[in-house]
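Report on the structure given below.
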Amino acid sequence: MPHKIKEQRIECPHCGHPIHLALDASAGDQDYYDECPACCMEMHLNLHIDEYHQKILLGVGSDNEQFF
């Protein structure tokens, strides 16, 4: 898969503010946190490279889910 930087528009899971991210697939799968520029809350970002389907999958969460 060619490792290009891809632009992706997401929404903050806390406030809904639109955010443009630059996704760099050259480092492989990534799991990191970033801060929303509008509400300053942390977003959990999970980047997965699907080599078979030649796709970049991005999961965005707030990490405030409760499990029972």
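Which residues, taken from region 1-17, are open to solvent by 60 Å² or more (accessible area, probe 1.4 Å) and part of a strand (DSSP E or B)?
Selection gives ILE5, LYS6, GLU7, GLN8, ARG9, GLU11.
Restricted to region 18-45, and to residues that are out of contact with any His (no Cβ under 8 Å at 6 or more places or on another chain) and of a type in the set (Gly, Ala, Ser), which residue is least open to solvent (accessible area, probe 1.4 Å)?
GLY28
Of the residues that sit in region 46-62 and are in a strand (DSSP E or B), open to solvent by 40 Å² or more (accessible area, probe 1.4 Å) and not aliphatic (A, V, I, L, M), which one is farthest from LYS6 (Cα to Cα)?
Per the stated criteria, the residue is ASN46.
The values are calculated or read from the model by the stated rules, or taken from the named source; none is laboratory data. Quick caveat, the model's predicted, so the values are computed rather than measured. A quick note on method: Cβ atoms are made from the backbone with ideal geometry, for glycine too, and the neighbour counts reach across all protein chains shown. Side chains are part of the model used for accessible areas, which takes the heavy atoms of the whole protein and leaves out ligands, DNA and RNA. Shrake-Rupley method; radii C 1.70, N 1.55, O 1.52, S 1.80 Å.
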